[in-house]
Amino acid sequence: MRTSLEYRHTAMQAYRLASLMLDVALRDNTWTAALEQSAGYESLPPAVILDVDETVLDNSPAQAATLSNATGMFRGDEWDAWVKQASAKVIPGAADFLKLAAAKGVEVFYLTNRARNQEADTIRNLAAEGLPFADEDHVLVKGEVPGWGSDKASRRRYLASRYRILLLVGDDANDFLPGVRAGIAEREHAVAPYASYLGSKWIILPNPTYGSWENALWGGGYAETREQAMKARCAALP
């Protein structure tokens with residue numbers, strides 16, 4: 001991800017597609033990308049919703065550093081230190097798309113599962129990259145409001161009650177619909193009815209390093225099952 005020409009071009013390709021679909025969505029007031037959108041949305045002002053990590057901001061330096069720690073596993077203290085630096089660079093293509101959306105009168109909202117105490121540094125990082133709407137009103141973090149958990153559906157519902165959601169952009173199925181932090185078969189079943197949204201209303205970026213696809217390999221129990229298995233493997237290393 002850090003050096004691959006193909007990765008950069010795939011990200012740019014996704015955002016160029018997003019730019020094309022933005023115009024399509026603006027011309028059709030019945031268009032919505034959010035499953036949480038309710039009746040009467042046609043007259044609401046337009047907005048797009050994006051994930052942050054590996055969708056707008058590139059954390060591959062932090063991911064690479066994780067590989068060099070004692071266990072090769074994610075560590076909260078290392079992640080906190082990285083977020084505080086506010087030095088992540090923008091994903092290729094993201095800045096052009098976001099500035100285009102703003103120029104067309106479309107509000108941008110960043111939905112991230114970063115913690116509440118990381119919101120200020122996240123905003124600082126987005127602003128440092130010159131991205132529009134880098135402020136508290138447009139960055140919605142996990143736990144900011146009671147009921148806003150790691151499943152982003154509640155935050156999408158909040159925004160969908162106020163805006164017509166033109167596009168969802170993310171690197172994880174959780175950025176688009178609920179019920180995907182489960183096993184492989186359950187995830188496939190949840191996504192299948194919305195295949196037509198892919199590449200039109202939902203723009204997905206590649207992320208081979210982490211995501212809810214990992215959870216699926218362990219039956220959806222990432223926090224417990226996978227961590228226990230990884231610790232056992234590390235303990236067995238010579």
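Laboratory data are not the source of any read-out in this text; all were calculated from the coordinates shown. Source: prediction; values computed, not measured. Note: ideal-geometry Cβ built from the backbone for every residue, glycine included; neighbour counts use all protein chains shown.
List of remarks:
- Among V83, V106, V24: highest mean-square fluctuation, GNM of the chain, C-alpha pairs under 10 Å: V24
- Enclosed volume per residue, in Å³, of the convex hull spanned by Cα atoms of segment 120-162: 80 Å³
- Neighbourhood charge, 13 Å Cβ-Cβ cut-off, centred on A94 and excluding it, Lys, Arg +1 and Asp, Glu -1: -3
- Helix content alone sets the calculated 222 nm mean residue ellipticity of the chain: runs of n ≥ 4 DSSP H residues at -39500 (n - 2.57) each, divided across all residues, give -11500 deg cm²/dmol.
- Whichever lysines have a C-alpha closer than 27 Å to that of K84, once near sequence neighbours (fewer than 8 apart) are set aside: K99, K142, K152
- Length gained when the stretch D135-S87 is fully extended (0.36 nm per residue, less Cα-Cα span): 15.6 nm
- Across segment 35-47, rounded Karplus estimates of 3J(HN,Hα) from the backbone phi angles (6.51 cos²θ - 1.76 cosθ + 1.60, θ = phi - 60°) give 5, 7, 5, 10, 4, x, 5, 4, 9, 6, x, x, 8 Hz, Gly and Pro being marked x.
- Cα pair distances exceeding 26 angstrom across the chain, given as percent: 38 percent
- Here the 3J(HN,Hα) profile of segment 212-218, calculated from phi with Karplus coefficients 6.51, -1.76 and 1.60 at θ = phi - 60°, is 5, 5, 5, 3, 4, 5, 10 Hz, Gly and Pro shown as x.
- For segment 86-97, Karplus couplings with θ = phi - 60° (6.51, -1.76, 1.60), whole Hz, Gly/Pro x: 6, 10, 5, 8, 7, 5, x, x, 5, 4, 4, 5
- Residues K152, K142, K99 arranged by fewest to most Cβ contacts within 10 Å: K99, K142, K152
- GNM top mover of R156, R164, R16 - the chain, alpha-carbon springs below 10 Å: R16
- Comparing A127, A33, A160 in a Gaussian network model of the chain where C-alpha atoms under 10 Å apart are linked, the largest mean-square fluctuation is found at A127.
- With the simple model of a label 7 Å out from the Cα in the direction of the Cβ, L26 to W213 spans 3.2 nm.
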